[in-house]
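One structure below.
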Amino acid sequence: MVSSEHAGNAGPENTEPEGAAPEGTGAEAARDGDPDTVEDGGADDATDGVTGDVAGGVTGDATGDVAGAASAVAGEGPDGDTGADGDTGADGAADVWDVVVVGAGPAGASAAYAAAVAGRRVLLLEKSELPRYKTCGGGIIGPSRDALPPGFELPLQDRVHAVTFSLEGRFARTRRSRRMLFGLINRPEFDAQLVQHAQKAGAELRTGATVTRVEQHGPSVPDRRTAAVVLADGETILARAVVGADGSASRIGAHVGVKMGQVDLGLEAEIPVPPSVAEDWKGRVLIDWGPMPGSYGWVFPKGDTLTVGVISARGEGAATKRYLEDFVARLGLAGFEPSISSGHLTRCRTDDSPLSRGRVLVCGDAAGLLEPWTREGISYALRSGRLAGEWAVRVAEANDAVDARRQALNYAFAIKAGLGVEMAVGRRMLAVFERRPGLLHATLTGLRPAWNAFADITRGSATLGGMVRSNGLARRALELLDKRMDTSSGVGPAGRGVTAKERDASEPEGTDEPGAVRGTAEGAEGAGETKSTETGV
């Protein structure tokens, strides 16, 4: 399910315009058949190249940060400056915040909350006025709920107890659960409530603040313990640490040198429906495995509105637009006028992409952190945002460049040990799904253990990465699928896939030949042509 900070994850948090026109920029680009022209909330061209302010570049967290620490030992600052240590009157001459967070989406609000709870002076910057619309499926799975601040009451529009799976509109089957699988929210209310919790913890919010760049040396920066955040109106804000949470077209990500290896195009419509139609969808979502490699569609009910969307690899703009139109028509919803139509690009980081530079950390969409297969990003935003806020406090407390780099490296290690492992498994699942969606459909609808695993993951009692590491059957099944898909090449049918390094990182050593599950997987594939039924768990 797409449910992310960008969109599913919800577009760039600090560069997207307020609201959305009935003909969203993504839909327009898709209609023209050129998805590469999709607007990412007004970000400039430098954001797509992710080279931005990176003079000399950073090729990876460990390499870049360790090299930076060595430079600092040699007398250079975090970005190669040779200024002397000390505040040089910064605290007296200008107000210096402990932590400045750029972007007030789930990642930024979580980072601001974590830093403010620690007792630090925190400034949260947001380009738009709140609340603002975000393109988003709005699914809140277990890991998202677990990462919310204490006392946070989810503004749920519906509680999902059933999922209908279909394969390009065929072989539909509904699976039901007595317990809630996940909840559905509207992003404006959800995001605004997260920001309120950050404010209650002590963070200060400034809306209408467009960040153009971050500087870590030069005339705007008084010393090596300070970074400068420059706004569009020319104002410079000083901070001991900066957290970039400004979405997938992040300017802060460009400064850090974030590299994206997977880019997808999502199109979505908010469709108001009469009570009779809304009642038919209450408590149930639809996931349709689509006609293009790696594509799928969804219907998420939210009271009197259905959120209907599709996603596929960038480069298939016209086909993605047709998929959405056919999907809506097939559902019998073509006669209802959408209140909002919108589009977005989701971006997923490469495995060696940096997560920090000097005193600047990135999280959420700005870091390219989302689940590669489903493109779910809200849980990744909340979890990485919280970690970024906690480690930003340590960076802010660092008195020299070496210590700041050490703390930033610790943040990177924490992300890679948790979310990084999950992303590695997600890439393997995407490679399988791109080649054989029918096999995946048959497995989920025909095998009870597969459905139970899906339910456990959505509820938060298990993770995909954890299952592959600890469950022998799941591990052997994925190994078998790897062999069938030949993912060792690292290239999938959409120009993506999984590297051997990622495959090795997501499983323990000494795995056995998966011959024991060959019959089960092949049998499941043959079970794909099943009639529509309903099964309880």
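Just so you know, all these numbers are worked out from the coordinates, no wet-lab data involved. Note that the structure is a prediction, hence the values are computed from the model and not measured. All Cβ positions, glycine included, derive from the backbone under ideal geometry; neighbour counts span all protein chains shown.
Sequentially through segment 153-163, phi angles give Karplus couplings (6.51, -1.76, 1.60; θ = phi - 60°) of 9, 5, x, 5, 8, 6, 10, 8, 10, 8, 10 Hz, Gly and Pro residues having no value and appearing as x. Packing, as the average of other Cβ atoms within 10 Å across residues, places the peptides 315-327, 426-438, 100-112 in the order 100-112, 426-438, 315-327, highest first. Here is the list for segment 133-184: trypsin sites (Lys or Arg not before Pro) lying in DSSP coil, each with at most 12 other C-beta atoms within 10 angstrom of its C-beta, are 178, 179. For residue 318 and residue 204, the FRET efficiency from 1/(1 + (r/R0)^6), where r spans their Cβ atoms and R0 equals 45 Å, is about 0.50.
Relative protection proxy for 292-304, 396-408, from highest mean packing down: 292-304, 396-408 (other beta-carbon atoms within 10 angstrom). With distances taken between every two different alpha-carbon atoms, segment 397-457 has a Kirkwood hydrodynamic radius of 14.5 Å. Qualifying chymotrypsin sites (Phe, Trp or Tyr not before Pro) in segment 105-154, where qualification requires a DSSP coil assignment and no more than 15 other C-beta atoms within 10 Å, comprise 152.
Taking amide H as placed 1.01 Å from N in the peptide plane, the amide H of residue 98 sits under 5 Å from that of 121, 240, each at least 5 places away or on another chain.
Note on residue 129 and residue 399: the model spin-label points, each 7 Å out from Cα along the C-beta direction, lie 4.7 nm apart. Separation of segment 381-447 from segment 120-191 is 19 Å, based on Cα centroids. Just to confirm the filter: which trypsin sites (Lys or Arg not before Pro) across segment 187-244 are DSSP coil and have at most 11 other Cβ within 10 angstrom of their Cβ? Counting only loop positions with at most 11 other Cβ atoms within 10 Å, none of the trypsin sites (Lys or Arg not before Pro) in segment 187-244 qualifies. Under Stokes-Einstein, with the Kirkwood radius over Cα pairs as Rh, the value for segment 215-325 at 25 °C and 0.890 mPa s is 138 µm²/s. From the largest down, segment 319-395 spans 55, 24, 16 angstrom on the principal axes of its Cα atoms.
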